[in-house]
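Participant: I have a structure I would like to understand better, so I am pasting it below and will then ask my questions one at a time.
Just so it is clear, none of the values below were taken in a lab; they were calculated from the coordinates. For clarity, every value in this text was computed on a predicted model and none was experimentally measured. Cβ sites come from the backbone with ideal geometry, for glycine too, and all protein chains shown count toward neighbours.
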Amino acid sequence: MNKIFNRIRNSIWLYPTIYSFLALILSISIIIIDKVYAEESLYYVNAIFYTTTALAQAVLGIVAGAFITISTFTFSTTMLVLTMYSSQFTPRVVENFLNNKTTMKSFGIFLSGFIYAITSLLFINTNKDGNLVIAASVGVVYIIVGLVYFLIFIHNVSTHIQASDLIFRLHEEAIREIEQYTNFAKESEIISEVKLNEIIANKNFIKVFAPADGYIQEIDYQRLKNFAQKYKCIVCFEKVVGQFVSTETKILRIYFEGYEVFTETVLNELYLCILIGNKKTQNQDFSFTIQKIVEIALKALSPGINDPNTAIHCLKIIGVLLRDLANIEKGYILLKEHDQWGFIIYEAFDFEMLLFDAYNQIMFYGQKDVSVVVAGLKSLRFIKARASQDNLEIIDNYAKHVFNKPENKAFGNLEFSKIEKEYVDLIS
């Protein structure tokens with residue numbers, strides 16, 4: 001059900017379908033009012049809103065033509081924006097534009113307006129002379145709302161195609177996801193690998209493999225904990241959200257005492273807690289959002305675009321994001337209620353791996369630009385400001401790795417002195 005719900009929620013047809021259905025209901029309601037309750041409604045609606053059927057046909061024809069024209073222009077503009085996103089930024093950010101509510105609501109208003117107008121035209125009764133209807137007035141109000149949304153859509157597109165705005169929105173999304181993870185980690189207990197081995201020592205276990213090929217998109221930890229309590233076992237999850245697994249990949253172990261038999265039915269109940277799909281999602285995976293920012297920086301450094309300032313801005317944003325993760329501890333998160341036998345243990349995000357994935361590609365492709373190297377070292381200073389003692393050493397080691405690259409020695413004295421100064425400030 002979660003997989004179906006996510007697919008519906010991320011579909012570009014969600015709002016157009018809902019709005020079109022509501023427009024169809026509105027059209028039928030207006031038709032019923034015009035045909036059955038026309039005289040009674042005159043007491044509640046000003047007569048100025050009523051028109052003859054001939055005028056209503058003309059107005060609704062104009063409304064239908066206007067909406068189909070706006071819809072065509074909107075779809076053409078959207079396809080152009082999506083092409084630009086893929087070519088200038090990264091294909092991974094296409095869904096960010098498609099999932100934008102303003103864009104989808106605009107599609108819904110335009111399509112539903114056309115459906116309302118064309119449906120009302122179909123059912124207008126032109127046989128009676130002097131017959132008054134309100135459908136045209138509702139159509140006029142609808143087109144005014146549609147024009148307002150059209151202006152909102154144009155403004156939305158003009159801001160979304162700017163690299164700085166896209167990076168800012170990715171920054172905001174990543175902050176929310178990181179905050180959720182850090183708050184969750186604070187409320188739980190983080191144990192070392194030694195402590196983990198003590199907990200699972202002398203217990204029977206079975207290996208559980210992935211039910212399908214794909215990326216781990218979401219894990220229902222509460223449901224997983226209820227499973228562990230129900231069957232009096234320890235569920236040790238060995239993968240993190242965002243990793244690619246196959247049916248031959250061991251994703252977890254179930255530790256138990258005695259001779260409990262975990263049948264296929266029980267394992268199917270366990271699989272319901274794990275959502276695996278054919279692409280990454282950012283519901284529980286903040287590293288995927290950081291990856292999008294990294295890819296924007298890499299695209300900016302490519303010879304075809306050659307925009308190092310965007311890459312430098314991305315490095316600053318990455319430093320600010322990883323700063324909030326610099327105090328996370330390496331180990332395993334223990335989710336356990338007091339006096340309850342049956343709990344789950346899963347691997348925490350590794351700060352060293354996050355740091356390497358965020359910086360390595362940018363520093364590799366930007367190693368010939370001294371401003372990019374300097375910006376990378378400055379970005380590491382942001383992270384170091386809140387880093388734990390263990391993570392301080394990781395940052396210093398990575399900074400040393402960047403500084404000692406042979407490419408830095410190829411710079412002139414002036415360029416190398418700037419890199420050296422930034423490196424000395426960082427490690428001191």
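Participant: Scale the Cα Rg of region 170-329 by the rule-of-thumb value 2.2 N^0.38 Å and send over the ratio, two decimals.
Facilitator: Relative to the 2.2 N^0.38 Å estimate, region 170-329 comes out at 1.27.
Participant: Taking every eigenvalue of the Cα gyration tensor of region 107-214, multiplying by 5 and rooting it, what semi-axes result, largest first, whole Å?
Facilitator: Over the Cα atoms of region 107-214, the semi-axes work out to 60, 24, 13 Å.
Participant: Mean shadow of region 312-428, computed from the convex hull of its alpha carbons, in nm²? Could you put the intermediate results ahead of the total?
Facilitator: Details: hull surface 32.4 nm².
Dividing the Cα hull surface by four gives the mean projection, 8.1 nm².
Participant: P(r) for region 229-288: what percent of alpha-carbon pairs falls in each 5 Å bin, starting at zero?
Facilitator: The distribution over region 229-288 is 4, 13, 24, 25, 16, 11, 6, 2, 0, given as percents.
Participant: Return the subset of K225/K279; K368/K405; K239/K280; K203/K232; K292/K418; K186/K336 for which the Cα-Cα distance in this structure is over 18 Å, preserving the input order.
Facilitator: K225/K279; K292/K418
Participant: Which residues make up the longest stretch of the chain clear of GluC sites (Glu not before Pro) that lie in a DSSP loop with no more than 15 other Cβ atoms within 10 Å, not counting the sites?
Facilitator: Values: sites that count: E248, E257, E260, E329, E337.
Result for the longest clean stretch: 1-247.
Participant: Where does the chain land on Rg(C-alpha)/(2.2 N^0.38 Å)? The partial results should precede the final answer.
Facilitator: Details: Rg = 29.2 Å, N = 428, 2.2 N^0.38 = 22.0 Å.
Dividing the Cα radius of gyration by 2.2 N^0.38 Å gives 1.33.
Participant: Is region 185-227 rounded, prolate or oblate when judged by the Cα gyration tensor, a ≥ b ≥ c being the square roots of its eigenvalues, rounded requiring a/c under 1.5 and prolate requiring a/b larger than b/c?
Facilitator: Oblate, because a/c is 1.5 or more while a/b does not exceed b/c.
Participant: Next question. Volume per residue, Å³, of the convex hull around the alpha-carbon atoms of region 187-277?
Facilitator: In region 187-277, the Cα hull volume divided by residue count equals 108 Å³.
Participant: Oh, and also: So if a site counts as exposed when it's one of the chymotrypsin sites (Phe, Trp or Tyr not before Pro), its DSSP state isn't H, G, I, E or B, and it has at most 12 other Cβ atoms within 10 Å, what's the longest stretch of the chain without one?
Facilitator: 45-258
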